[in-house]
Amino acid sequence: MNEPRNACVIGWPAGHSRSPLIHNYWIGQHGLSGEYRKEAVQPEDFAAFAKALASNGYAGANVTIPHKEAALALSQPDERAQAVGAANTLWLDGGALKSTNTDVEGFLANLDASAPGWDKGRTALVLGAGGSARAVVFGLRERGMEKIHVANRTIERAQALRDRFGERVMPVTWDAVPGLMASANLLVNTTSLGMKGQPPLDIDISGLRGDAVVADLVYVPLVTPLLAAARARGLPTADGLGMLLHQAVRGFSLWFGVKPAVTPELRKRVEDDLLRS
Ligand code: NAP
């Protein structure tokens, strides 16, 4: 048996995270002797907990609400975590606590898997300008998108994305969205609209090109009304659950030294869990 290694998700509360389901599935699949746990840690205790990761027996951790900014400040972040302004994955490298933000590669890898060739287009329309939009815009820039229109209810947050990521980001108000549909190769919803318990995402996608790709970060419900409308038009889609699964790959690789696969069986397990809740 190999040497046991453990990892965890640190949150407050930590109750809703699907990360244990995902990582423990991979631990079993690869025959590793370790465990992925949930750690409910209050904000005032986070710094001490993060500094003691190794002595608590952890190779690393995921970090969720409300600790992502604190994790960035306490660690040595890579370019992605710095650009996004939040860290969601910590690992120990020698004595150093390092961090990254895996939402960027989760978003990109999910598009690559679900809609291959999506990045041939050069114009994106991003709805929302919150935390996840920062990861999405950074990823789109990295993959060569030339025009990234960002529509947000609070226009100042979209403008802050242009300040952060440069001129390729074009902040627009919500009422500009219908007029931008025809030029978008990719439409991404990063708002919480359409999520269970939230208001609906009230947009008409009939103006989208016939070869546009549609992505939604929301994964409860699994098929959002936006994705259902896109599929009804025969457009390729990338869903929020796919992003959630793909973003977990890098953390597992860093902690356990094996690159895991996002399999249909894993997806089914998480789908079943989401449908039960
Ligand atoms: P956030 O930072 O709180 O941002 C929320 C965004 O939604 C903002 O742009 C906000 O606009 C907009 N919004 C909320 N209510 C609205 C309303 N009533 N009308 C118009 N706009 C509204 O949240 P986040 O972290 O970016 O997360 C957003 C969604 O993505 C959540 O559903 C989350 O679960 C999902 N997500 C999924 C993954 C994944 O792996 N699939 C990863 C990250 C996030 P204002 O700026 O005007 O408030």
Of the criteria (1) more than 8 Å from the ligand (Cβ to nearest atom); (2) modelled with pLDDT of 95 or more; (3) surrounded by fewer than 19 Cβ atoms within 10 Å (Cβ to Cβ), which one A215 fails: (3)
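Residues that are closer than 30 Å to G94 by Cβ and not charged (D, E, K, R): find the helices (runs of 4 or more DSSP H) completely inside the range 171-262 holding 2 or more of those. Show your work before the answer.
On the way: elements: 177-180, 225-232, 240-256.
It comes to 240-256.
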Some residue of the range 100-120 being away from the ligand (no atom under 14 Å from the Cβ), under 16 Å from the mean Cα position of the chain (by Cα) and either in contact (Cβ under 8 Å) with a residue 12 or more places away in the chain or assigned to a strand (DSSP E or B) (or both): yes
Where F165 falls short, out of the listed (1) near the ligand (Cβ under 10 Å from one of its atoms); (2) touching a helix residue (DSSP H, G or I) at 6+ places or on another chain (Cβ under 6 Å); (3) aromatic (F, W, Y): (1)
Tally of residues being touching a residue at least 40 places away in the same chain (Cβ under 8 Å) and either among the β-branched types (V, I, T) or in contact with a helix residue (DSSP H, G or I) (Cβ under 8 Å, 6 or more places away or on another chain) (or both) across the range 181-211: 9
Qualifying residue in the range 174-190 (condition: more than 17 Å from L125 (Cβ to Cβ) and not acidic (D, E)): no
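The values are calculated or read from the model by the stated rules, or taken from the named source; none is laboratory data. A quick note: this is a predicted structure, and the numbers were derived from the prediction, not measured. Methodologically, a virtual Cβ is constructed for each residue, glycine included, from the backbone with ideal geometry; neighbour enumeration extends over all protein chains shown.
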